[in-house]
Structure formats: C-alpha cells, structure tokens
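Notes to accompany the following structure.
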Amino acid sequence: MKRLAVQNLSVSFFNETKYSKALDNLTFELASGEILAIVGESGSGKSITALAIMGLLTKNKKCQISGLIEFFSEQGNILNLNQLSDKEFTNIRGKHLAMIFQEPMSALNPVYTCGKQLMECLELHQSGNKNEIYKQALKLLAEVRIDEVERIMNSYPFQISGGQRQRVMIAMALAGSPEVLIADEPTTALDASVRNSILHLIKDIVKERKMSLLLISHDLHSVADISDKTIVLFRGKKVEENQTAKVFKDPQHPYTKALINCQPVYAAKETVLPTPEDFYRLTAEIQFLEKEFDRNALLKLPSKTERDVLIKAKNLNLTFSRINGLFKKNEQKQVLNNLSFEIYQSETLGLLGESGSGKSSIAKIFTGLIPNYRGLISFEGKDINGFKRKQLSKKIQLIFQDAFSALNPMMRVGDVLVEVLLVHQIETSKKTALEKAAVLLEQVGLETTDLKKYPHQFSGGQRQRINIARALALQPELIIMDESVSALDVSVQAQIINLLNQLQEEYGFTYLFISHDVDVMAYFSDRVMVLESGTIKEIGITNEVFANPKDAYTRKLLEASGRKFLTNH
C-alpha cells in the first residue's frame, strides 16, 4: 500500500531578480513499511523535499510550489497535501506525518525542559492523565537509548549533549505514532555506536508499526545500512532511483559514482601500519579531483622534542553541579578527570569519544567559555588566564557543532564576516573587509552572491561552511572544530577537509578536531586522544592507535565503525 505519492514536485525561490529552482519535477512513491533514502550534496533539494511534504514552505511571491503530494492514510483516505490550508495541516502533522529535524538545538525550545516539550507532544496525540503521560515520556526516552531518563526529563536543551538532544527530537517525533516519519539527518551529531543503535531502533519501529520512513542523509553508511530504496538528487533533479543495494553496488549515474567515491575509507593494507584511502571531491562539472596525499606522511611525524608545544593542559578537572528536583540535593558530576596532554604546533589532534565523554567541555575551556575548571592550561608557555578575552579569541577559534544557532539570524552573511574582520582590525575599512569576506566564502565553496543572504536561506551544510569561513577570517593559531564537518555531505566534507589541510600547510594552523567519525579522523588527524567519561583512555599517532588499539573502549568505538585491527587481544 502506498503512503506517499509525489508527482512532478517543483519548488522555486525568488532571488533578487529571478526565480531559481530548488526542486525540478521530482517524482517518487513511498510504500507502507518502506524506508526510502534521499541523498545528495548540500543544496541538492533534500531538505526542501521534506519541508514541502510537511507543508512548511509558505506559498507566496518568493516561493512557488507546483506538483502533487498525495498522502494515503491507514483508513484509505487520500489527501492532496499541497492543497491543504495551514489549519488543516495542523491536524496532519504529528499524528500522520512527523519529522526529525537536522538541528535539534534550534528545533527545541530553550526555555522549556526536554520533558515538558516531550509531554506536550504526547498530550496532543495520546490520552491519559498527567502521570500516565509522564510514564509514556520516560518510556519513549528509554526506547531511544537515553540513559538517566529522569535527569533528561528535567534538563533544558543546553544542559545535555548534542547527541542527547537529537534523541529527544526522535522521541518527540514518535510521540504521535505517525504513519510517515521524515528524518532529516537524524544521526548527524551521534557517535558511531549510538548512531548504529538509533538507526536500527528507527528501522525496527518502522517495521513493527508498518510506518514509512523518508530518510534524508549525507551519511552513505547509514543509507546503505537501513534503507530499502535510494533516490539521488543533484541540483534539484533526480538522477538515479533504485534498490539501495543496486545503487551502491552498481551506480549508473556519474554523480552517484562520485558520491560513493567521495567517502573516506579506512582500508587495512598488508603493511605495518594501515593508512586511509584518499579523499575525493566533486567539482561542479561532476569530475574527480584526487588530492595529492603522502600515505607515509603520518608515519614521519617529528618527535616531541622536535616540535614546539602550542597548548598544554596539566591536571585538568571540571565538575558540574546539577539539581534533581526542587527540594533535592545538588549532585556533583565529574566531567573531566585529571587530564594532562599537549597539542603541538601545526599538528591536528583528534578527540574521539561518545556523547558526554567531555570533548566539547575541553573546547569550551580552551576558548574561555567555561572558566570554573581546575588545573593549569598554558598557551605558548603562558597561562591562558593571562590573556584578555579579545586576545584569546584571536588566537583560538571554535567552530561550533550547531551551525544555525552559531549565526545571528538577523544578520546577512556578509555582515557577519565583515564584523569579525573589523572588530579584530584584520581590515580597516568596510570595503576591504567585504572583499576579504567574498574571498573567504569562495575558499569554503560558496559564492560571492551569498554575502547578501541570511542564514535561513542556506542548507545545514552551507551554514557550517559560513562558520568555518568566519573562523578562518582571523587566521588563528589554534582552530577547534567541534563536529564541524559532521553536518556536511561527503563530497563537501572532503572538500572542506582538504581545504583545512591546505591552509594548515600554508599558514601553519593547529587543529583540535572533535569528531565521532572514525574514517574522517583517520584521514585528517596526526594524533588521536580517546576520551571516556572525562578520562583519557588512549593517546598516540592516529595510524598506530587505529591499527592496534590498546584499550577496550577504543576497540569498541572502532568496531562500531567497522574497523579491523592488525592484532587481536
């Protein structure tokens, strides 16, 4: 039985002087119990498709929508979603159609607890008194693999990790037991082990309830793992559609082949230390450009005595107080436990660990966002507390995980970049600052015309490139990337990583790279530090750690990403 039938769906947006098509005559069907994946680069029309189906695109002079979107309910009713009024659609969303959004921090209300927001969804679609609704909320949180469900219920979105926020969003989407679930990058912020459990949880729910899932993702591993069919979009047009296994085994279109080849692949060779396969990136003409990469470069890292220490942490401790209920005692949670490590100049140190391991806390301490730590941090031999805030922000830049909330929604992109350049006196006039801003956008794969746009006019991946451009504007000595490429599709991810490598060679940047993506870390980082619950489990040259992990926790993370090792313990 069909659940959705999309015929000749086209969406155009007015941009200054003309209309540009975001979707061009897209046609597909989604069957009951089926998982259909849509893949493609940022700007290919994936999220626009989801928003059009959910009735979240407002028809006006600046947004033109044509085509047919039919929904087939369990009772046999057929609704043309494109013809429903906003009021009529309110009765459809949540109960029949639900969506998991890509950016949970901007999708969740910051002034209400996660529990209140989840219970509100349940109250709209489920019957029962407040106590019963509360128990249903706890059950949903447990189903999406959240630990300490009582604490999460009483926590505000900013008090939990990015992965936990995304799981709360998944629970909210499931609250109404919808017939069609649309998941827009549902596992972007999750580490490999949690990502796998969430994906298979969603798959099991879809099969058990005979729901239909429209999965939008740039993570081809996830798509290949759980989807039945795959549609490939390129610049708003469908270029390929087939059973997922056939798409990945025998792609027909050059663009599909390019997307698959863009993935970073960690392949064990018959050598002492296996090295990752090269990245590829895709040009606008759908051609391949292989980045020259010395496979032995990581094996020839200078020893500690041959390179200067840029930043050093000694006996770093961080404890958070949290309140459980109005009359309950404050609880102390040890977030970082006596960490000591060094970051050397012009290297990339990878920080690997599951959600809640303390990765982002280290980033925030280094940038002065969390001042109440214990221990010593020195930057270029000087106590980090001796720097003024403006001095520190020029030397250390943080690229946040949540791209949308990191940008001011009221400012054009050009104004965002110009402000940074003028405040830090990189440029002395608005004219030269605007010229520099245009160069920065081009460096990260955007166009100069994007200077006049607002953040909401970009896709999630494009917004993250703007944040990277803003960080690069100051040419800092240390750039901290907190899951900063996790939201990018594979070809753009490859382009950005190669750009960062190029800039490191040219300007000598040092990177602290926080990620849950083992493949990307294997390619990008010189050394890797593995964290579990605020404790260093392992630290060393990336190839050595990934080829022969000494700690059981490291092995668990690598196995969740499909790693194979040289030795078995």
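Quick note: the coordinates plus some simple rules give every number you see, no bench work behind them. None of the values given here were measured: they were computed from a predicted structure. Note that we place each Cβ from the backbone using ideal geometry, even for glycine, and neighbour counts take in every protein chain shown.
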* Asked: Sorted by packing (mean other beta-carbon atoms within 10 Å per residue), highest first, where do 418-428, 520-530 land?
  -> 520-530, 418-428
* Structure fact -> For the range 333-487, shape from the Cα gyration tensor axes a ≥ b ≥ c, cut at a/c of 1.5 then a/b versus b/c, turns out prolate
* To do: Could you order peptides 475-482, 70-77 by the average number of other Cβ atoms within 10 Å of their residues, highest first?
  => 475-482, 70-77
* Structure fact -> Amide H contacts under 5 Å for N15, restricted to residues at least 5 apart in sequence or on another chain and with H modeled in the peptide plane, are S20
* Relative contact order for the chain, counting Cα pairs under 8 Å that sit 6 or more residues apart, in percent -> 15 percent
* Asked: If R0 is 51 Å, what FRET efficiency do you get for Q502 and Y112 from their C-beta distance, rounded to 0.05?
  -> 0.70
* What shape does the range 86-184 take by its C-alpha gyration tensor, where a ≥ b ≥ c are the square roots of the eigenvalues and a/c under 1.5 counts as rounded, a/b above b/c as prolate, and the rest as oblate? -> oblate
* **Greater than 26 Å apart at Cα, pairs in K61/K229; K210/K246; K59/K87; K18/K229** => K61/K229; K18/K229
* Structure fact -> Quick shape check on the range 433-493: root eigenvalues a ≥ b ≥ c of the Cα gyration tensor, a/c under 1.5 is rounded, otherwise prolate if a/b tops b/c, else oblate, and it reads oblate
* **Ranking of K388, K116 by count of other Cβ atoms within 10 Å, fewest first** => K388, K116
* Projected area of the chain, taken from the Cα convex hull and averaged over every viewing direction, in nm²? -> 27.3 nm²
* Using the 10 angstrom Cβ neighbour count as an exposure proxy, how do M119, M99 rank, fewest first? -> M119, M99
* Structure fact -> Diffing the range 11-21: the Karplus 3J(HN,Hα) column from phi (6.51, -1.76, 1.60, θ = phi - 60°), in whole Hz with x for Gly and Pro, holds 10, 10, 10, 7, 10, 6, 10, 8, 8, 10, 7
* **Which listed pairs, of K21/K238; K2/K46; K312/K359; K203/K237, have C-alpha distances above 23 Å, in listed order** => K203/K237
* Structure fact -> Taking the chain and counting helices only, DSSP H stretches of n ≥ 4 at -39,500 (n - 2.57) each over all residues, the nearest-500 ellipticity at 222 nm comes to -10000 deg cm²/dmol
* Asked: Once you charge only the Cβ atoms, +1 for Lys and Arg and -1 for Asp and Glu, what is the size of the charge dipole of the chain about its Cα centre, to the nearest 20 debye?
  -> 1320 debye
* Structure fact -> At R0 = 22 Å the Cβ-Cβ FRET efficiency linking V439 and R235, nearest 0.05, sits at 0.35
* Net charge near R209, counting Lys/Arg +1 and Asp/Glu -1 over other residues with Cβ under 11 Å of its Cβ? -> -2
* Would you mind getting me the FRET efficiency between N129 and K62? Use the beta-carbon distance for r and R0 = 35 Å, nearest 0.05. => 0.15
* To do: Could you work out how far helix 192-209 tilts from the main Cα principal axis of the chain, as a 0 to 90 degree angle to the nearest 10?
  => 10 degrees
* **Whole-Hz ³J(HN,Hα) from phi, Karplus 6.51 cos²θ - 1.76 cosθ + 1.60, for the range 251-256, glycine and proline x** => x, 9, 8, x, 5, 4
* Asked: In whole angstrom, how far apart do the alpha carbon centroids of the range 410-466 and the range 1-37 sit?
  -> 31 Å
* Net length gained if the chain between T535 and Q425 were fully extended (0.36 nm per residue, minus Cα distance) -> 35.7 nm
* To do: Based on other C-beta atoms within 10 Å, arrange H96, H456 from fewest to most.
  => H456, H96
